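The values are calculated or read from the model by the stated rules, or taken from the named source; none is laboratory data. Keep in mind that this is a model prediction, so the values were computed, not measured. All Cβ positions, glycine included, derive from the backbone under ideal geometry; neighbour counts span all protein chains shown. These accessible areas exclude ligands, DNA and RNA; they are computed on the full protein's heavy atoms, side chains included. Shrake-Rupley method; radii C 1.70, N 1.55, O 1.52, S 1.80 Å.
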There are 2 protein chains.
Amino acid sequence: MSAPTRSMDAPRAIRIHPSDTVAIVVNDGGLPAGATLPDGPSLREAVPQGHKVALIDHAPGDAIRRYDVTIGYAAEPLPAGSWINEHRTTMPEAPGLTGLPMATVKAPEVAPLQGRTFDGYRNADGTVGTRNLLAITTTVQCVSGIVGHAAQRIRAELLPRYPNVDGVVALEHTYGCGVAIDATDAAIPIRTLRNISQNPNFGGAVMTVSLGCEKLQPERLFPELEIPDLVRFQDNTGFEAIIRSLMETAEAHLERLNRRTREACPVSDLTVGMQCGGSDAFSGVTANPAVGIASDMIVRAGGTVMFSENTEVRDGIAQLTARAASPEVAAEIIRELGWYDAYLERGGVDRSANTSPGNKKGGLSNIVEKAMGSIVKSGSAPIAAVIPPGERARVKGLNFAATPASDFICGTLQLAAGATCHVFTTGRGTPYSLEALPTLKLSTRSDLARRWHDLIDLDAGPVATGEATLKEMGERLFDLILDTASGRRTWAERHGTHNALALFNPAPVT
Amino acid sequence: MSAPTRSMDAPRAIRIHPSDTVAIVVNDGGLPAGATLPDGPSLREAVPQGHKVALIDHAPGDAIRRYDVTIGYAAEPLPAGSWINEHRTTMPEAPGLTGLPMATVKAPEVAPLQGRTFDGYRNADGTVGTRNLLAITTTVQCVSGIVGHAAQRIRAELLPRYPNVDGVVALEHTYGCGVAIDATDAAIPIRTLRNISQNPNFGGAVMTVSLGCEKLQPERLFPELEIPDLVRFQDNTGFEAIIRSLMETAEAHLERLNRRTREACPVSDLTVGMQCGGSDAFSGVTANPAVGIASDMIVRAGGTVMFSENTEVRDGIAQLTARAASPEVAAEIIRELGWYDAYLERGGVDRSANTSPGNKKGGLSNIVEKAMGSIVKSGSAPIAAVIPPGERARVKGLNFAATPASDFICGTLQLAAGATCHVFTTGRGTPYSLEALPTLKLSTRSDLARRWHDLIDLDAGPVATGEATLKEMGERLFDLILDTASGRRTWAERHGTHNALALFNPAPVT
Ligand SMILES: [Ca+2]
Ligand SMILES: [Ca+2]
Ligand SMILES: [Ca+2]
Ligand SMILES: [Ca+2]
Ligand SMILES: [Ca+2]
């Protein structure tokens, strides 16, 4: 509701969009009958926490709207103040891939956001990084043990002499040999690796490490690029010689990277990947909508935003195709999600999501409503383009990067797509972060932020307690993104911890 | 040939089994017409290095035998001293899964090998480890970054006070959430993790780390086990508290592990996993047959040996089913390799292997011959049992552990099956090793062993130069396995480098 009271005990509910006909009760323990929402109706009956309350009168058949979309229809009269749950509504069918609205939503009229900048590292190709990292690309898992060992020595022995370099990232993975490298789907992990190596945070130069006899030869990984500074283990005379070669090559890179400095760059040079993981009933109510507001601000400023997670957005596909900037983009959304349906089916998994008993208890009466809680991270901008898994973003504005929902695989694919900053919302709490780009963690509730005081970078909980509006929280996140892109360190960066990359390989191993 | 000359320049050829009708020329550059093999015929024509020469006269239709199996038939008269290649032989069809010989080979009569022991760590359940390692099991990738960080601190700050503990192994992986955990094939990665945690090298006690909200809950990972010393991140108040909890739990384990000492154990307490990777034309001629001889010695001494690598043995399936100890074991071999055929086909990969032009140039005229070069690592014992991927070995003697050929996935699955020592042959050279068990690397030729003097643990090249017989090399390897099992460190252990585990997950990610 607009202008929520700041009291902790007053009845509170959150409406995501002005056109929504329902709001979500956020008070601990829910609200009793007779409680009056600020600027809203009095409750006709008790409504549990996280559940929907009608803000207007619904006649049977009237649309129930949340996240600015129709999530179902009233099955009986549902006057303002009613508890709206799955027993009182009719559900849409799990959506197929035909008959979808194609680019039917008119782009909202928004003023450009001007004058905001961040301090980034500009690369020769015009891209801008938020960190100045030495990356070591590997063609095959065989070399990872020794590369990791060398990276530790580079950090300990060389890095202190190059203070302008933020870190050393060994791009280790489990691909490159022992895989069906000529299978059609092998294109995905290979282009993922290629594009990660070109992420703007690595200064536009790859240091490549190869074994020698692997299936994924350096020339196959980088068919159109020169491969400078290649270290091939089988060309070296043993362990000590390999380590020496890695250290020398790294030092040449460090010298070059160390000459770079940050400069003021417009937000249009920024690429941010949005994700959620360890969700709870408040993910779609506090943190994710705040991310959507920050996303809209970045897009208004000319920047690039990605949202992802196929299995989570799949049941909201009609909203995605409707918001596509053109029928062609809508068709690409259908193609990617259809491909993923087939991938799951091939593996014996029924893709049709169903709200679980836990979801319903948490207030999600509907698979579309559940998907919208994830999609809301994308804000309200038109979907300008679709990024197939492993490809790079080529269009500014809002992109749908079609990836699995797995935090690590999604993050790895967003890194390949060119993300230089990562925003991650969590309800249950996860320490997830990647090493190659700053990973901001947002909590959905304040108790998690208090408990994990040295892991959570921003608390969206004040939206639930009424201490901040969604708009205020979105603006706070936008500011934090720019500060972080300019060098402010996340908690994970301060601790020096990160998770490993996880390549998406839909093809068989051999 | 028996009693090869010790000169470097004399004609040399290797016959794997006394019943073989061909031998392989091993001299650099091959041998010219007229060269006389020791105890063998004179060459009727030039034979390239790695290629076959007839040791006896073959009439058209006569079986050509190598590795003690028929690898093809003479298509024309092939008298002793002839070059035998794919143009002069008829090839068997790529084998199907029906009409295979079931347990038809009579087990060779061998004397038990008695009196040999190694110094191992005996566990409460009767198993014996070759190392005394603190292992930290994880239920989900989310915790890996912080667990890896804690493991480094445990190594630096705690381990020096517990000198009887050999190391700290964080069992990190990319499984546990964001996966189709109810898919049929999900049983494989889950049981793999469960069984790895019970590897004898970890002293029979698991320290388990969980996030809290992951799909793979500790109770699901260990349904029949007590879960002691569980650290659950979401129960802790932030990063510093999590680290403190991990360090305290680890210290209690280290105290217990530190009280263990090595004791003399019979070879029947040893479980060795055999593998090859980065193969060359000599893999099936020097290193792999030497592994087969060591394998036979371990089996004769009552120990357990595993060989693996589905895609490499698939075309030799008839030899595997024939060597099965019973028709039931033969049927299990067919079931596992048939399952793998279907897995590859599902992923759009045609399983039928074909010898490549490179293989033929290297002397492998036939897919069965190629497979036998890998299978020869298993020696000549009957195949006592089959281990499905992720399961534990339950029978002593020779086991077929049905795994992909990928070095890391195969090694990870052999670790789950209970291997406490790993033997790895390589022709091209790879630094592969795992942290959880000593990984002995054998080179197929001496030039690799010279070049990689501080990575290769044993050189099988003297078999090619005539400086050692296969029998001598097999015995040398057997001795080195026992020494290594008793605590002798491999090169990789001395350098402190290792490769990451790679779980086999045939089910989709989500
Ligand atoms: Ca998510
Ligand atoms: Ca996710
Ligand atoms: Ca192999
Ligand atoms: Ca292998
Ligand atoms: Ca090792």
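Across the stretch B:403-418, in residue order, what do the Karplus-derived ³J(HN,Hα) couplings come to in whole Hz, using 6.51 cos²θ - 1.76 cosθ + 1.60 with θ = phi - 60° and x for Gly and Pro?
9, x, 7, 2, 3, 6, 5, 4, x, 5, 6, 5, 4, 4, 6, x
Mind checking the mean number of beta-carbon atoms from other chains within 10 Å of the Cβ atoms in A:139-149?
6
For chain A, calculate the relative contact order in percent as a whole number, restricting contacts to Cα pairs under 8 Å that are 6 or more residues apart.
The value is 19 percent.
Express in nm, to one decimal, how much length is gained between B:E109 and B:T184 on full extension, taking 0.36 nm for each residue of separation and deducting their alpha carbon distance.
22.8 nm
Sorted by accessible area with a 1.4 angstrom probe, largest first, how do B:R155, B:R88 fall?
Greatest to least solvent exposure: B:R155, B:R88.
Determine the calculated [θ] at 222 nm for the protein assembly as shown from helices alone, applying -39500 (n - 2.57) to every DSSP H run no shorter than 4 residues and normalising by the residue count; nearest 500 deg cm²/dmol.
Using -39500 (n - 2.57) per qualifying helix, the result is -8000 deg cm²/dmol.
For B:G72, what residues show an amide H to amide H distance below 5 Å, using hydrogens built from the backbone and excluding near sequence neighbours?
So B:G72 has HN proximity to B:I64.
Tell me the distances, shortest first, between A:R346 and the same position across the other copies, using label points 7 Å along Cα→Cβ, in nm to one decimal.
With the label placed 7 Å along Cα→Cβ, A:R346 yields 1.1 nm.
What residue of chain B has the nearest C-beta to the axis that moves B onto A, and what is that distance in Å, given as a whole number?
Closest to the rotation axis on chain B: B:R346, 3.
Over the Cα atoms of the protein assembly as shown, each weighted equally, I'd like the Debye log10 I(q)/I(0) at q = 0.05, 0.06, 0.08 Å⁻¹, rounded to two decimals.
-0.34, -0.49, -0.83
Of B:L230, A:L221, which has the most accessible area and how do the rest follow, probe 1.4 Å?
Output order, biggest surface exposure first: B:L230, A:L221.
Taking 7 Å along the Cα-to-C-beta vector as the label spot, tell me the B:R220-A:E226 distance in nanometres, rounded to one decimal.
Using points 7 Å along Cα→Cβ, the separation is 5.1 nm.
Could you list log10 I(q)/I(0) for the stretch B:107-157 at q = 0.13, 0.16, 0.18 Å⁻¹, which the Debye formula gives when each Cα is one point scatterer?
-0.61, -0.73, -0.81
Quote to one decimal, in nm, the extra length available between B:R494 and B:D9 on full extension: 0.36 nm per residue of separation minus the C-alpha distance between them.
That pair, B:R494 and B:D9, stretches by 171.0 nm at full extension.
Taking H as built 1.01 Å from N, whose amide H comes closer than 5 Å to the amide H of A:V22, not counting residues under 5 places away?
A:L55, A:R65
Round to the nearest 0.05 the FRET efficiency obtained for A:D483 and A:Q152 when R0 = 45 Å and r is the Cβ-Cβ distance.
My answer for the efficiency is 0.90.
Describe numerically, in nm with one decimal, the distance between label points set 7 Å from Cα along Cα→Cβ at A:D28 and at B:E472.
Output for this residue pair reads 8.0 nm.
Would you mind listing how long the stretch A:120-258 runs along its three principal axes, going by Cα atoms, in whole Å with the largest first?
Here the Cα extents, ordered largest to smallest, are 43, 38, 22 Å.
How many percent of the accessible area of the stretch B:1-90 is carbon or sulfur, using a 1.4 Å probe?
Looking at the stretch B:1-90 in its full context, I get 53 percent from C and S.
If we count every other residue with Cβ under 13 angstrom of B:V376's Cβ, Lys/Arg +1 and Asp/Glu -1, where does the sum land?
Once all neighbours under 13 Å are counted, the net charge is -1.
What is the P(r) of the stretch A:330-435, as percent of Cα-Cα pairs per 5 Å bin from 0?
Per 5 Å bin, starting at 0, the Cα pair percentages come out as 2, 10, 16, 22, 22, 18, 9, 2, 0.
Given H placed 1.01 Å from N in the peptide plane, which residues other than close sequence neighbours of B:D280 have an amide H under 5 Å from its amide H?
B:G427, B:R428
Per residue of B:442-453, count partner chain C-beta atoms within 10 Å of its C-beta, then hand back the mean as an integer.
Shielding by partners across B:442-453 averages 2.
Calculate how steeply helix A:327-346 sits against the longest principal axis of the alpha-carbon atoms of chain A, using the helix alpha-carbon long axis, and give the answer as 0 to 90 degrees to the nearest 10.
For A:327-346 against chain A, the angle is about 80 degrees.
If you build the convex hull over the alpha carbons only and average its shadow over all orientations, what do you get for chain A? Give it in nm² to one decimal.
Hull-based average projected area comes out at 23.6 nm².
What's the FRET efficiency of A:E251 with B:N85 using the Cβ-Cβ distance as r and R₀ = 56 Å, to the nearest 0.05?
Working from the Cβ atoms, E equals 0.65.
Could you tell me how many degrees, from 0 to 90 and to the nearest 10, lie between the Cα long axis of helix B:470-485 and the main elongation axis, the longest principal axis, of the Cα atoms of chain B?
For B:470-485 against chain B, the angle is about 10 degrees.
For the stretch A:396-505, what value does the Rg/Rh ratio take when both radii are computed over Cα atoms and Rh is the Kirkwood radius, given to two decimals?
Rg/Rh: 0.96.
For the stretch B:83-90, in order, what is each residue's ³J(HN,Hα) by Karplus, 6.51 cos²θ - 1.76 cosθ + 1.60 with θ = phi - 60°, in whole Hz (x at glycine and Pro)?
7, 9, 9, 5, 6, 10, 10, 9
In whole Hz, with x marking every Gly and Pro, tabulate ³J(HN,Hα) for the stretch B:240-252 from phi via Karplus 6.51 cos²θ - 1.76 cosθ + 1.60, θ = phi - 60°.
Each residue's phi maps through the Karplus curve to give 4, 5, 5, 4, 4, 5, 5, 5, 5, 5, 4, 5, 4 Hz.
What is the dipole size for the stretch B:93-162, taken about its Cα centre, with +1 at each Lys and Arg Cβ and -1 at each Asp and Glu Cβ, in debye to the nearest 20?
360 debye
Compute the separation of the alpha-carbon centres of the stretch B:227-264 and the stretch A:313-335 and state it in Å as a whole number.
If we compute the Cα centre of each part, the gap is 49 Å.
The stretch A:113-185 to the stretch B:430-445: how many Å between their Cα centroids?
The stretch A:113-185 and the stretch B:430-445 have Cα centres separated by 27 Å.
Kindly work out what percent of the DSSP beta bridges joining two residues of chain A are antiparallel, to the nearest 5.
Roughly 40 percent of the DSSP beta bridges within chain A come out antiparallel.
What translational diffusion coefficient, to the nearest whole µm²/s, does the stretch B:1-90 have by Stokes-Einstein, given a Kirkwood radius computed over alpha-carbon pairs, a temperature of 20 °C and 1.002 mPa s viscosity?
After rounding, the answer is 168 µm²/s.
Just tell me how shielded B:205-213 is by partners: mean number of partner chain Cβ atoms within 10 Å of each residue's Cβ, no decimals.
Mean partner-chain Cβ count within 10 Å for B:205-213: 2.
If you count, for each residue, the other Cβ atoms within 10 Å and average over each peptide, how do B:95-108, B:28-41, A:268-281, B:64-77 line up from highest to lowest?
Result, highest mean first: A:268-281, B:64-77, B:28-41, B:95-108.
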